[in-house]
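*Asks:* Please read through the structure below; I'll follow up with questions.
Throughout, read-outs are computed from the coordinates displayed, never taken from laboratory work. Bear in mind the structure is a predicted one, so any value in this text is a computation, not a measurement. Glycine gets a Cβ as well: all are built from the backbone with ideal geometry, and neighbour counts include every protein chain shown.
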Amino acid sequence: TTQGILAGLIGAGIQASRTPAMHEHEGDAQGLRYLYRLIDLDQLKLDSGALPDLLSAAERMGFTGLNITFPCKQAIIPLLDELSDEARGIGAVNTVVFKDGKRIGHNTDCLGFLEGFRRGLGDVPRHQVVQMGAGGAGAAVAHALLSEGVEQLSIFDVEPARAQALAASLNKHFGSQRAQAGGDLASAMANADGLVNTTPMGMAKLPGMPIPKELLRAALWVAEIVYFPLETELLREARALGCRTLDGGNMAVFQAVKAFELFSGVEADAQRMLDHFHSM
Ligand code: SKM
């Protein structure tokens, strides 16, 4: 297109996001006019109640589309005209495309995690997996894990009702009783092949670990979705024990690869985006 692409990210506390740089760098490399703005609710002193206004403002200002992050990935849904099958199944949206007067919701987190997992932990055992967190990102990751053949997924959340709701929706989607909520964390961990953190614990602004480190052991693989910092306390402890690990970098890049393609209609160079991400 000669028109250029104007995209943005709506979320709270997103100043450290690498997504604008990833999109603009790839846009430059492809010779596109591509701008990506942060729309930070904290900076604007707004909350997700402002979403209807922000969406129409972006639409009126000619935005091509938006990424949506914490805490808006579910609150955005009633404001959209259409959802991709994936976004509907997951119940969370991280990408909105404005097209022909319509707002179409997608989820690129699921594919982002899936691609990262295949590349980093493609051959690991997956009979039993423990997932910490059942929020917007957690729903996308859980879908990816079950579609990658995880047999039993145990989901824990500080809000047990949220873990129950996610498990119920996964079981509806994937059939049988492959997901369950909560229970005893220590015994779930003792039987697990792998652990996935989808909570914000470990982010620079929220230091700490999502589980007590005594529950880690060398035979466990550990995947993280936090990417700022790339080495969270959880990954550091797990590596010290000799666990196989996957950091949040791949997911951060591949959700952007997919969103770039939805916004621009042009295929992204994933390797170039990965290399650029790791150079930042
Ligand atoms: O889903 C992504 C979103 O597209 C961008 C983002 C970020 O830049 O921090 C995080 C994830 O929620």
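*Asks:* Among Gly208, Gly89, Gly49, which one shows the biggest mean-square fluctuation in a GNM of the chain, springs joining Cα atoms closer than 10 Å?
*Replies:* Of the options given, Gly49 has the highest mean-square fluctuation.
*Asks:* Right, next: Roughly speaking, what is the stretch gain from Glu151 to Ile77, that is 0.36 nm per residue apart minus the C-alpha to C-alpha distance, in nm to one decimal?
*Replies:* 23.7 nm
*Asks:* Hey, quick one: spin label on Arg33, modelled 7 Å out along Cα-Cβ, who in the range 56-78 has an amide N within reach, i.e. under 19 Å?
*Replies:* Taking a point 7 Å out along Cα→Cβ of Arg33, the residues of the range 56-78 whose backbone N falls under 19 Å are 58-66.
*Asks:* Which ³J(HN,Hα) values, rounded to whole Hz and listed in residue order, are derived for the range 43-50 from phi using the Karplus coefficients 6.51, -1.76 and 1.60 in 6.51 cos²θ - 1.76 cosθ + 1.60 with θ = phi - 60°, glycine and proline given as x?
*Replies:* Computed from phi, the couplings for the range 43-50 are 5, 7, 6, 10, 10, 5, x, 7 Hz.
*Asks:* How long is the gain from Glu237 to Lys213 if the chain were fully straight, where each residue apart is worth 0.36 nm and the alpha carbon distance is subtracted?
*Replies:* Gain in length upon complete extension: 7.9 nm.
*Asks:* Does the range 110-247 classify as rounded, prolate or oblate by the C-alpha gyration tensor (a ≥ b ≥ c root eigenvalues; a/c under 1.5 gives rounded; else a/b over b/c gives prolate, otherwise oblate)?
*Replies:* rounded
*Asks:* Please report the net charge: other residues with Cβ closer than 14 Å to the Cβ of Arg18, K and R +1, D and E -1.
*Replies:* Value of the local net charge: -4.
*Asks:* Right, another one. Among residues other than Leu83 whose Cβ falls under 15 Å from its Cβ, what is the net charge (Lys/Arg +1, Asp/Glu -1)?
*Replies:* Summing Lys and Arg as +1 and Asp and Glu as -1 gives 0.
*Asks:* For the residue pair Arg119 and Phe70, what label-to-label distance in nm results when each label sits 7 Å from Cα along the Cα-to-beta-carbon direction?
*Replies:* The modelled label-to-label distance comes out at 2.3 nm.
*Asks:* Here's another thing I want to ask about it. Per 10 Å bin, what percent of the C-alpha pairs of the chain does each bin hold, from zero upward?
*Replies:* It works out to 7, 30, 36, 21, 6, 0, in whole percents.
*Asks:* How large is ³J(HN,Hα) for each residue in the range 268-275, as worked out from phi by the Karplus curve 6.51 cos²θ - 1.76 cosθ + 1.60 (θ = phi - 60°), to whole Hz, x for Gly and Pro?
*Replies:* Calculated HN-Hα couplings, in order: 8, 8, 4, 5, 5, 5, 4, 4 Hz.
*Asks:* So which residue, out of Gly31, Gly133, Gly116, gets the largest mean-square fluctuation from a GNM of the chain using Cα contacts under 10 Å as springs?
*Replies:* The residue with the greatest mean-square fluctuation here is Gly31.
*Asks:* So between Asp53 and Gln3, what do we pick up on full extension, going 0.36 nm a residue minus the alpha carbon distance?
*Replies:* Here the segment from Asp53 to Gln3 would lengthen by 15.5 nm.
*Asks:* Once you charge only the Cβ atoms, +1 for Lys and Arg and -1 for Asp and Glu, what is the size of the charge dipole of the range 110-247 about its Cα centre, to the nearest 20 debye?
*Replies:* With only Lys, Arg, Asp and Glu charged at Cβ, the dipole is about 120 debye.
*Asks:* Please work out the C-alpha center-to-center distance from the range 249-280 to the range 129-183 and express it in whole Å.
*Replies:* Using only Cα atoms to place each centre, the spacing works out to 27 Å.
*Asks:* Within 12 Å, Cβ to Cβ, of Glu261, how many net charges do the neighbouring residues add up to if Lys/Arg are +1 and Asp/Glu are -1?
*Replies:* -2
*Asks:* Of the residues Glu231, Glu148, Glu24, which exhibits the maximal mean-square fluctuation in a Gaussian network model of the chain defined by a 10 Å Cα contact cut-off?
*Replies:* The residue that fluctuates most here is Glu148.
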